[in-house]
Structure formats: C-alpha cells, structure tokens
Amino acid sequence: MTELLTAVLSATFLVAVIRATTPLLLATLGGLVSDLSGALNVALEGMMLIAALTAVIVSVHAPWWIAVLAGMGMGALLGALMGLFHLRLRADIILVGFAVNILAAGGTPFALSLATGGDKGTSINLVSGKIPAVHIPWVDGVPVLGLLSGHSLLSWVAAFAVFGLWYILYRTPRGLWLRAVGEAPAAPQAAGVRVDAVRMWSLVASGALAGLGGAQLAMFNYVGFTRDMTAGRGFIALGAVLLGARHPVGALLAALLFGVFEALSIVMPGLFGWIPGELIQTIPFVVTVLALILFSARTRRRESAA
Amino acid sequence: MTAASSRTATLLRETGRALAALAVALVVAFLIVLATSDEPAKAFSTFLMAPMSSNRTRGLWIDDVAKLTLTGLAFSLVFQARQFALGVQGQAYVGGLLASLVALSPLGVTPLAIPLGMLAAMAAGAAYGFVPGWAKARFGASEIVSSLMLNYIAIRVVNWIVRAHLAPPGTGQLNSPDFPPQAVFPAIVPGTRFDLGIAVALVATGLAWFALYRTAWGLRLRLVGHNPGFADYAGIPARRIMVSAMTASGAIGGLLGAVFVQGRAFGRIAIDFEGNLAFEGILIAIVARSRPLAVPVVALAYGYLRQGAQLMGLRSDVPTEMLGVVQALIILLVASSVRLPGRRWLGRLGRRRSPAVGAPAE
C-alpha cells in the first residue's frame with residue numbers, strides 16, 4: 001500500500017495522469033459539443049482511431065504539426081459524413097455513429113496494411129513522428145511550478161479548449177444557439193437559426209476534437225499506431241460527457257477522474273505483480289460504469305426533488 | 001388497402017431494399033479489390049466463389065450463419081424496443097465461459113452436457129443483459145455506455161479466467177483443454193463445421209418471432225419501441241418491458257457464447273474466442289429491419305460475404321478487413337433514406353407507419 005501511495009504522490013504519476021487524460025479530454029469535449037446540439041456522437045471511438053492512423057501515416061512524410069492537423073481534419077471530415085447521413089438522409093445518429101466505428105475497426109487495419117505492404121497489427125515499420133513536449137525553461141527545477149513543464153503541446157491545447165469551449169458556449173450568441181438547438185429546436189428555428197446547420201457544424205467540431213485526441217494518442221502517448229489502440233477511450237469519453245453534467249469544466253473533471261484510473265492501471269502492474277493484468281485493465285471500465293450509475297442516480301434524485 | 005396487400009407491399013419493398021444493399025456491397029467490394037489488388041480477378045473470384053468450393057468451406061459458412069443469426073436476433077430484440085443496448089459481445093463471453101465450466105465439470109461427460117451448458121450460458125447472458133437495463137430503468141444510466149463498458153469488462157475477465165485457470169497449468173496455452181465429446185455439438189455433415197449450431201439458431205429464430213408477434217409481451221414491447229406515447233396512455237409498464245427486452249436479448253447473447261465454445265469450430269474455450277463477430281449483429285438486425293424471420297436470411301447472405309472475405313484474405317493479397325468498409329457502407333445506406341425511384345410515393349402511402357428501425361408491418 002505504501003508503495004502505491006509513494007507512486008501516486010510522485011511527480012511522474014502526475015505526468016502520467018495528464019498524459020492519460022489528454023486524449024480522453026479532447027474526445028470528451030468533442031462528445032460534449034455534439035451532445036449539447038442534440039446529436040449523441042457514439043462515433044468518438046472510431047473517429048479517434050481513424051485520426052490516429054491518419055496522423056501516423058502523414059507524420060512519416062510531413063512535419064508533426066501537419067500530421068496533427070491531418071488527424072484533426074480527418075475527424076472533422078467524419079463528423080461531416082455523419083452530419084450528411086443524419087441530417088440530410090435522416091438516418092438514426094446512433095446507427096450512423098456505429099457505422100463509423102465499424103468502418104474504423106475494419107478500415108484501419110486495411111489501410112495500414114496498404115500503407116505498410118502487409119502489416120495489419122502495428123505501424124512498427126513506419127518511422128512516424130512525435131508531438132513535442134513543451135519545456136518551460138524558467139520553471140524547470142522549481143518545486144510545484146516545475147510540474148508545468150514537459151507535457152504534450154496538445155495537453156495545453158486541451159486545457160485551453162476547455163476554457164475556449166466554455167466561452168463559446170456560454171458567452172457568445174453562437175454558443176447560445178448551439179445549446180438552444182439541443183434543448184428545444186423549435187425555439188431557435190422560430191428565431192431564424194438554421195437548426196441543421198448548427199448541428200452539422202457541431203458534428204464537424206466534435207470530430208475535429210476527437211481527431212486531435214486520436215493524434216495525441218498515436219503521436220505522444222504511444223508513438224505509432226496499433227490495431228484498436230483507442231481501446232474503448234471513445235466510449236469512456238461518452239460516459240465522461242454525461243458524468244461531467246454536460247459542461248466543459250465538468251468534462252475536464254470527469255476526464256481527469258478517468259485519467260487518474262488509467263494512469264493507476266499503468267503503474268499498478270509494476271507494484272502488484274500478483275494481480276492479473278487483465279483485471280487491472282478493467283479498472284477504467286468498472287470506474288466508468290459505477291460513476292455513470294452513481295451520477296445518473298444523483299441527477300434523477302435531484303430532478304424528482306425539484 | 002387491405003392488410004394482406006399492404007404486407008406484401010412491405011415485404012417487396014424491404015426485399016428490394018435488402019437486395020439493393022447487397023448489390024451496393026458487391027460493387028463496393030469489387031471497387032476496393034480493383035483498387036488494391038495486383039490480381040483483382042483472382043481475388044474477386046475467390047471472394048465470390050470460395051465459400052461454395054468444398055464441403056469444408058460450406059461448413060465454415062453455415063457455422064458463421066448460425067452465429068450471425070443469434071447475434072442478429074439479440075440486437076433485433078433490443079432494437080424493436082428502441083433500446084441501444086450493445087452488450088451482445090459481453091454476453092457471449094460470459095455465456096461461453098459458463099458453458100465451458102459445465103463442459104469441463106463432471107457433468108460434461110453426461111448426455112446433459114449440451115443442454116445444461118446452453119441453459120447456464122443463457123442464464124449468464126440474461127443476467128449480463130439485465131444489468132444495463134436495470135441501471136437505465138432504476139437510475140437513468142445510458143444503456144449505450146454501460147453495455148459497452150460491460151463488454152470490455154467481460155472480455156478481460158473471461159480471458160483472465162481462461163488463461164490463468166482453465167488452460168492446462170505450465171503450458172502457456174491460451175485455451176482450455178478440449179471438451180469431452182459429449183459436450184461438443186454433433187456434426188450434421190460429418191467432418192465439417194456444419195453442426196447442431198444452425199439448428200439452435202433456427203429454433204431461437206422461431207421462438208423470438210413467436211415472442212415478438214404472438215404474445216402480449218411482444219405486442220407491448222413493440223408498442224413501447226414504436227410509439228412510446230401511446231404505450232404510456234395504454235398503461236404499459238415501459239420500464240419493465242425495456243428491462244425484460246434487454247434481459248431476453250442477453251439470454252440470446254449468452255446462447256451465442258455457448259454455440260461458440262460447444263460448436264465443432266472450437267470444442268473448447270480460448271481467449272478472445274468471439275473474434276468481434278457479435279457486433280456484426282448490428283448490420284444483420286438493421287438490414288432485417290429487426291424482424292426475427294428475416295434475420296436468418298440476411299445472415300445467410302452476409303455470412304457468405306464474410307466467409308468469402310476470410311478466404312480472400314488467406315488466398316489473395318486483399319486483406320479480410322476490407323469487409324469492414326463494406327459493412328459500414330451497408331449500414332449507412334440501409335439506415336438512411338437513400339431512396340430508389342418511386343420510394344417517396346410509397347412512403348407517402350405509408351406515412352402513418354414510423355420509418356424507424358424495425359417499424360412493424362402490421
């Protein structure tokens with residue numbers, strides 16, 4: 001137990017938490033945007049996976065930032081595809097989302113094997129790029145402040161995105177429209193807002209954020225692509241949207257909670273060799289189910305009390 | 001319009017839709033093969049012909065059809081109630097585990113091994129399907145998220161039990177010893193995988209049809225799914241129906257697990273035995289419009305494509321995974337209202353019928 005405490009209280013654990021949280025947070029923010037506009041995006045998982053592969057393949061031929069943008073663009077494109085099928089062709093958004101997930105599950109090994117000439121499992125034979133860590137020279141070595149140094153650039157982007165999204169959603173007319181479209185589409189429609197256009201753009205933004213998350217996963221958390229490397233993170237993010245009370249700051253807290261448990265599941269095998277690895281890997285999923293149930297119960301109690 | 005002619009019209013329209021989906025799938029598959037293969041003619045003919053080439057491959061195909069039918073039925077049941085419970089995969093794992101425990105126990109050498117294993121698997125699957133339903137009815141927890149999380153948990157826990165407790169110790173194997181012959185399905189065609197599984201799947205189809213279309217429970221379930229407002233006025237306990245639909249679907253998911261481990265393909269339990277087949281039930285259910293009687297037909301056609309893609313992956317330079325692309329496209333096209341000419345007019349006639357997943361014919 002003491003070993004666990006020392007490990008958890010160390011600076012490296014904090015770095016691990018931030019690293020585990022970043023892709024989750026980006027995907028959660030993506031899920032939040034589309035959820036607020038009234039379209040539940042179950043495709044976060046597939047979007048992250050496809051964006052991760054896109055980023056890895058582009059990073060072989062281009063600088064890291066172009067690869068990140070490519071991942072983000074691919075996510076946005078998938079969001080637009082979902083919008084097309086859901087809004088224009090009136091397909092159920094959940095089925096469309098699952099089609100994207102299935103496309104990702106089969107399409108990524110397929111595309112990887114085309115790009116590498118036969119490898120379906122990993123991109124180990126591709127020399128892929130890495131997102132640089134931000135070192136802040138004047139805080140290095142300073143206690144507490146020093147913890148700010150050494151994180152992925154996208155961790156900073158994600159943190160800023162929480163603030164930016166809060167600002168857009170709660171301090172600009174466009175954010176008001178977006179929330180109104182999700183709450184009561186008839187009202188903004190009567191006010192002359194093009195409901196479908198708002199939903200379309202929120203799906204595109206949702207995909208772009210999930211795509212950034214995928215790029216972070218394949219170019220910082222791990223360098224390179226592995227089959228099914230998202231491992232349910234997109235679905236955990238979906239839970240985090242609900243757990244975060246559909247608010248950007250809530251999303252940050254929920255993503256951090258899951259990030260802590262993911263980091264724990266990374267450090268625990270070294271400390272507790274006797275616990276089977278498979279059981280340690282279930283921790284993030286068990287925490288998600290329990291948190292979802294507890295939080296839903298609380299919301300329902302509060303609603304029935306009001 | 002009389003009921004009979006409307007039913008025929010619906011049948012024709014849905015058959016046309018399914019055939020159009022199949023045609024699109026074939027065209028897309030052909031284009032993918034053409035774009036990626038060095039020898040497209042050989043690859044595509046393998047895709048189309050190989051499943052019929054021998055008794056062995058026909059057995060592989062029918063084995064897939066049995067499993068696809070079961071997962072398609074499980075998804076159809078929850079889709080009819082308009083619940084997006086996606087837990088068939090997890091149910092198959094817990095079901096497979098329970099069926100294996102029966103087969104490896106002293107009961108495994110008695111004639112009761114197969115029925116008891118199936119019952120145990122169905123009970124485990126039903127319990128696993130009940131949890132997200134209960135969490136939704138009781139707490140309002142999203143069944144999509146909870147059922148998916150339960151899948152990940154089931155896979156890891158079952159894999160651990162197989163690796164650490166069922167595999168022969170010290171061998172490093174990732175599967176249990178072979179089941180005794182009494183616990184493995186008898187082959188219908190000797191020497192192939194054409195076994196009892198397909199019979200199990202067809203019986204399950206009949207039962208699911210009967211439950212949905214010939215019982216009060218089924219009527220209530222479809223009402224809750226297609227017209228919740230009316231169901232509410234009629235005093236139907238929507239939450240209880242929802243939970244029971246997810247539990248019944250879970251039992252079928254568990255049965256899928258039993259068919260996996262008891263079938264001639266395995267005859268034992270291995271880690272990751274399900275190989276992501278369960279999720280293909282989404283496609284089957286959507287193309288079959290969640291109607292149980294259409295599920296085996298769709299499974300027969302899709303199973304053929306699936307087996308063709310597997311054999312193409314083995315015998316040519318086109319990876320099996322290209323089927324995922326085809327699968328996603330079929331779902332997108334069938335779920336959306338990409339209309340054939342004349343569809344709009346027909347749609348106006350049937351305006352009162354909900355265009356949602358699995359809209360009832362009657």
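The values are calculated or read from the model by the stated rules, or taken from the named source; none is laboratory data. Quick caveat: nothing in here was measured; it's all calculated off a predicted structure. Cβ sites come from the backbone with ideal geometry, for glycine too, and all protein chains shown count toward neighbours. These accessible areas exclude ligands, DNA and RNA; they are computed on the full protein's heavy atoms, side chains included. Shrake-Rupley method; radii C 1.70, N 1.55, O 1.52, S 1.80 Å.
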Exercise. Being free of Cβ contacts under 8 Å to residues at least 12 places away in the same chain, more than 14 Å from chain B (Cβ to nearest Cβ) and not aromatic (Phe, Trp, Tyr), is that true of even one residue in segment A:219-236?
Worked result: no
Exercise. So which of A:GLY273, A:GLY234 ends up being in a helix (DSSP H, G or I) and either within 19 Å of the chain's Cα centre (by Cα) or modelled with pLDDT under 85 (or both)?
Worked result: A:GLY234
Problem set entry | Candidate set from segment B:312-335 (those that are free of Cβ contacts under 8 Å to residues at least 60 places away in the same chain and part of a loop (DSSP other than H, G, I, E, B)); member that is farthest from the other protein chains (Cβ to nearest Cβ) | B:THR320
For this session: Show the residue pairs that are 6+ apart or on different chains and have beta-carbon atoms under 6 Å apart, the first residue being within segment B:212-226 and in contact (Cβ under 8 Å) with a residue 12 or more places away in the chain, the second being in a helix (DSSP H, G or I) and open to solvent by 30 Å² or more (accessible area, probe 1.4 Å).
Result: B:VAL224/B:ALA238
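Quick test for you: out of B:ALA141, B:ALA164, B:ALA135, pick the one residue that is of a type outside the set (D, E, K, R), part of a loop (DSSP other than H, G, I, E, B) and within 10 Å of chain A (Cβ to nearest Cβ).
B:ALA141
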For this session: Give the residues of segment B:264-283 that are more than 14 Å from chain A (Cβ to nearest Cβ) and part of a loop (DSSP other than H, G, I, E, B), sorted by residue number.
Result: B:ARG264, B:ALA265, B:PHE266, B:GLY267, B:ARG268, B:ILE269, B:PHE273
Exercise. In segment B:36-84, what residues are farther than 30 Å from B:ALA208 by Cα, part of a loop (DSSP other than H, G, I, E, B) and within 14 Å of chain A (Cβ to nearest Cβ)?
Worked result: B:SER37, B:ASP38
For this session: Report yes if A:ALA186 is open to solvent by 60 Å² or more (accessible area, probe 1.4 Å), small (Gly, Ala, Ser) and out of contact with any Leu (no Cβ under 9 Å at 6 or more places or on another chain), otherwise no.
Result: yes
Exercise. Regarding B:LEU166, is this residue within 19 Å of the chain's Cα centre (by Cα) and either within 30 Å of A:VAL287 (Cβ to Cβ) or buried (at least 18 other Cβ atoms within 10 Å of the Cβ) (or both)?
Worked result: no
Problem set entry | Filtered residues of segment B:169-188 (kept if assigned to a helix (DSSP H, G or I) and buried (at least 16 other Cβ atoms within 10 Å of the Cβ)) | B:ALA183
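What's the total number of residues in segment B:54-70 that are farther than 22 Å from B:VAL88 by Cα and open to solvent by less than 10 Å² (accessible area, probe 1.4 Å)?
Result for segment B:54-70: 2.
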Problem set entry | Output for segment A:279-291, where each listed residue is open to solvent by 30 Å² or more (accessible area, probe 1.4 Å), of a type outside the set (Val, Ile, Thr) and within 7 Å of chain B (Cβ to nearest Cβ) | A:LEU279, A:GLN281
For this session: Could you please let me know if A:LEU294 is crowded, with 19+ Cβ neighbours inside 10 Å and in contact with a helix residue (DSSP H, G or I) (Cβ under 9 Å, 6 or more places away or on another chain)?
Result: no
